[in-house]
Amino acid sequence: MREQNCIFCRIANGEIPSTTLYEDARFRVIFDLSPATRGHVLLIPKEHYADLTELDTETAREVLPLAARIGRAMKAGLGAAGFNLVQNNGEAAGQTVRHFHLHIIPRYGAGEELLLWKPGESTAEEREALSSRMGEYLR
Ligand code: 5GP
Ligand code: ZN
């Protein structure tokens, strides 16, 4: 399924031109227009899935191996020392485009502030309670 009014459907399927790093039958990888670091790309499936909870298994199983290939190319081709994968699900999580995408962000090891959270605190009791609230949905 592709959606008429979805910008990433249109980009992934080539209706809107983009600087494409990689393309195959299922995915297109493009450069983010507002990169966190030099070489920040987005891995986008050609089919429309709003977020990770909708992604089909066939597509999902190709995402991490492809991300690893891109990450290796960032290290070999751009001299990146490492890279981050970031993937937002839902507006509350900062997702602005409701078509699944994985951010692949090269890291060069100097002067980049890319802080996703400030480490908090938890007790063993809290962790146990959280686990039992979610656990029944995983059986
Ligand atoms: P999100 O916040 O949904 O995880 O990330 C959306 C990302 O898409 C942002 O980093 C934003 O810069 C990028 N973006 C939004 N519109 C376009 C576009 O038309 N072309 C490209 N290449 N990137 C886009
Ligand atoms: Zn879409």
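The values are calculated or read from the model by the stated rules, or taken from the named source; none is laboratory data. This is a predicted model, so every value here is computed, not measured. Please note: Cβ atoms are built from the backbone with ideal geometry, for glycine as well, and neighbour counts cover all protein chains shown.
Could you say whether any residue in region 118-137 is surrounded by 15 or more Cβ atoms within 10 Å (Cβ to Cβ) and assigned to a loop (DSSP other than H, G, I, E, B)?
Scanning region 118-137, I find no residue that is surrounded by 15 or more Cβ atoms within 10 Å (Cβ to Cβ) and assigned to a loop (DSSP other than H, G, I, E, B), so the answer is no.
Consider only pairs whose beta carbons are under 9 Å apart and that are at least six residues apart or on different chains; among these, list those whose first residue lies in region 23-41 and is closer than 19 Å to R61 by Cβ and in contact (Cβ under 8 Å) with a residue 12 or more places away in the chain and whose second residue is among the acidic types (D, E) and in a strand (DSSP E or B).
Going by the 9 Å Cβ cut-off, the qualifying pairs are V29/E23.
Do we find that A36 is of a type in the set (A, V, I, L, M, F, W, C), under 17 Å from Q87 (Cβ atoms) and within 16 Å of ligand 2 (Cβ to nearest atom) in this structure?
Answer is no for this residue.
If I filter region 86-93 for residues that are more than 14 Å from ligand 1 (Cβ to nearest atom) and more than 20 Å from L115 (Cβ to Cβ), do I get at least one hit?
No, region 86-93 contains no residue that is more than 14 Å from ligand 1 (Cβ to nearest atom) and more than 20 Å from L115 (Cβ to Cβ).
Within region 35-42, can one find any residue that is surrounded by 18 or more Cβ atoms within 10 Å (Cβ to Cβ), of a type outside the set (V, I, T) and under 12 Å from the mean Cα position of the chain (by Cα)?
Yes, region 35-42 contains a residue that is surrounded by 18 or more Cβ atoms within 10 Å (Cβ to Cβ), of a type outside the set (V, I, T) and under 12 Å from the mean Cα position of the chain (by Cα).
Picking from V29, V63, which residue would you name as being modelled with pLDDT of 95 or more, more than 14 Å from ligand 2 (Cβ to nearest atom) and not in a helix (DSSP H, G or I)?
Working: V63 fails: not in a helix (DSSP H, G or I).
None of the others qualify; the one that does is V29.
Can you say whether A80 is assigned to a helix (DSSP H, G or I), aliphatic (A, V, I, L, M) and either on the phi < 0 side of the Ramachandran plot or within 16 Å of ligand 1 (Cβ to nearest atom) (or both), as far as the supplied structure shows?
no
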